[in-house]
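**Q** There's a structure below that I have some questions on.
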Amino acid sequence: MDPNLKLSSYDYFLPQELIAQNPVIPRDSSRLLVVKPEEGIDHKIFSSLPDLLLPGDLLVLNNTRVIPARLYGKKSTGAMVEVLLVEEKSPLCWLALVKPGKRFSMGAEIVFEDEATGAYLKATVVDKDEATGGRILEFTVGNGASFWDVLDKLGNIPFPPYVTDSEALPSQYQTIYAQKQGAIAAPTAGLHFTEDVFNNLAQKQVAIAHITLHVGIGTFRPVETEDILNHDMHQEWIEVNEETIHKIKETKSRGGRVISVGTTVVRALEGTFAHHNALMPYRGKTNLFIYPGYEFKVIDGLITNFHLPKSSLLMLVGALIGRERLLSIYQRAIEEKYRFYSFGDAMFIAPKR
């Protein structure tokens, strides 16, 4: 079998102490490993990113906003329940992971309340979801309040499962340009950006565009089949609007480079192209699985964090620079004690042109 198609080919050992538990302050003081187009790497600080780009380049960012998706409530029996909202199906109706889930049959009710603020929500189980093992919950909001206002009072921002000892504030797991509510995990490549970085990008005449991809539970779901072609890629909701498509086309027409800030942007842009077989606006679901051998249609370069072993995200980055080179660079990053995963350092894969 082609090694690029074997799950075991995307494994590496990461010392536990390199899993970042807290973000650096300021955000743009994180380290930046620069992958040169042909060979070699450089070690920079993220604040130097504008110096690495060219006038006329376009950075595309994901403006999704992480919601306080983790809720703690009680069943009618008084038993404590933990709920993670995963995807909004319709107003007041959500797919959720419930702990302990097996005890939740149709019609079961969970109450969430904060006596200090008077915030109140009730959830009723109306269906099961076989794909995730989750439940479909229908919410009732107390006192005529809006669901989102009450969720802000009752919910907690969910940090990734490998962040187990963090002092980070919820705001530190949110990009400074987050706008559209709906993600349960941050598009972490964007966490490094500051107003200073954006100001310097503007001075360099680097343009900015946005897409929306609401990062869901699939981000943390491992690939489990040794033949990765048998992997069932999760679907994600994306929106790539007319303005962003126009900026991409304009950039490409004058020889500029399109640089994706994060793997979510890659999946959104390449997924949009795959849906139309052309650069056109798109609003809907994508489940595009990118791995070595894939030919990129939209992006030229990538800013990303360091990803988990055997993950679809690692395979995506491997598609851009080659699996063997990627694993060699990861080994070098480990030797240089880069900080890994969501609160960790960044990598810039410079375009070939």
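A short reminder: the numbers here are calculations on the coordinates, not readings from a lab. Bear in mind the structure is a predicted one, so any value in this text is a computation, not a measurement. Cβ: placed from backbone, ideal geometry, glycine included. Neighbour counts: every protein chain shown.
**Q** Which of Glu243, Glu38 has the fewest other C-beta atoms within 10 Å, and how do the rest follow up to the most? Could you put the intermediate results ahead of the total?
**A** Numbers: Glu243 11, Glu38 6.
Fewest to most other Cβ atoms nearby, the residues stand as Glu38, Glu243.
**Q** Taking the Cα centroid of region 85-143 and of region 199-253, what is the distance between the two, rounded to the nearest whole Å?
**A** So the two Cα centres are separated by 29 Å.
**Q** Straight-line reach from Lys285: which aspartates and glutamates have Cα under 15 Å away, leaving out those fewer than 8 places along the same chain?
**A** Output for Lys285: Glu87, Glu88, Asp232, Glu236, Glu239, Glu270.
**Q** Going by a ≥ b ≥ c, the root eigenvalues of the Cα gyration tensor, does region 270-337 fall in the rounded group (a/c under 1.5), the prolate group (a/b larger than b/c) or the oblate group?
**A** Cα axes put region 270-337 in the prolate bin.
**Q** Follow-up. Give a residue-ordered list of calculated ³J(HN,Hα) values for region 33-41 (Karplus: 6.51 cos²θ - 1.76 cosθ + 1.60, θ = phi - 60°; whole Hz; x for Gly, Pro).
**A** 8, 9, 8, 6, x, 9, 7, x, 9
**Q** For region 1-34 and region 309-353, write down the distance between their C-alpha centroids in whole Å.
**A** The distance from the Cα centre of region 1-34 to that of region 309-353 comes to 6 Å.
**Q** Using the 10 angstrom Cβ neighbour count as an exposure proxy, how do Asp165, Asp300, Asp232 rank, fewest first?
**A** On the way: Asp165 7, Asp300 20, Asp232 13.
Final ranking by Cβ density, sparse to dense: Asp165, Asp232, Asp300.
**Q** Give the peptides 302-309, 112-119, 337-344 in descending order of average Cβ contacts within 10 Å, highest first. Intermediate results must be reported in sequence, preceding the final value.
**A** On the way: 302-309: 22.8, 112-119: 13.4, 337-344: 21.2.
Ranked from most to least packed, the peptides come out as 302-309, 337-344, 112-119.
**Q** Now, a different point. Within 10 Å, count the other beta carbons around each residue, average over each peptide in 76-82, 200-206, and list them highest first. Please report the intermediate quantities before stating the final value.
**A** Numbers: 76-82: 11.3, 200-206: 15.4.
With the highest mean Cβ count within 10 Å placed first, the list reads 200-206, 76-82.
**Q** Sorting check: for 258-268, 275-285, 58-68, which peptide has the highest mean count of neighbouring beta carbons within 10 Å, and how do the rest follow?
**A** On the way: 258-268: 27.5, 275-285: 13.1, 58-68: 22.8.
Result, highest mean first: 258-268, 58-68, 275-285.
**Q** Antiparallel versus total DSSP beta bridges in the chain: what percent is that, nearest 5? Write out the running numbers ahead of the final one.
**A** On the way: 50 of 69 bridges.
The antiparallel fraction comes to roughly 70 percent.
**Q** Mean separation of Cα pairs under 8 Å and 6+ residues apart, divided by the residue count of the chain: what relative contact order is that in percent? Don't skip to the answer; put the middle values down first.
**A** Working: 732 pairs, mean separation 88.2, N = 353.
In percent, rounded to a whole number, it is 25.
**Q** How much mean residue ellipticity at 222 nm does the chain get from its helices, if each DSSP H run of length 4 or more adds -39500 (n - 2.57) and you divide by all residues, to the nearest 500 deg cm²/dmol?
**A** Numbers: 7 runs with 70 residues, N = 353.
Counting only the DSSP helices, I get -6000 deg cm²/dmol.
**Q** Ok, one more. Express as a percent, rounded to the nearest 5, the fraction of DSSP beta bridges in region 70-154 (both residues included) that run antiparallel. All intermediate terms of the calculation are to be shown ahead of the outcome.
**A** Details: 32 of 32 bridges.
Of the beta bridges lying entirely in region 70-154, close to 100 percent run antiparallel.
**Q** Also, I was wondering about something else. Using the alpha-carbon atoms, what tilt in degrees (0 to 90, nearest 10) does helix 242-253 show relative to the longest principal axis of the chain?
**A** Computed tilt is about 10 degrees.
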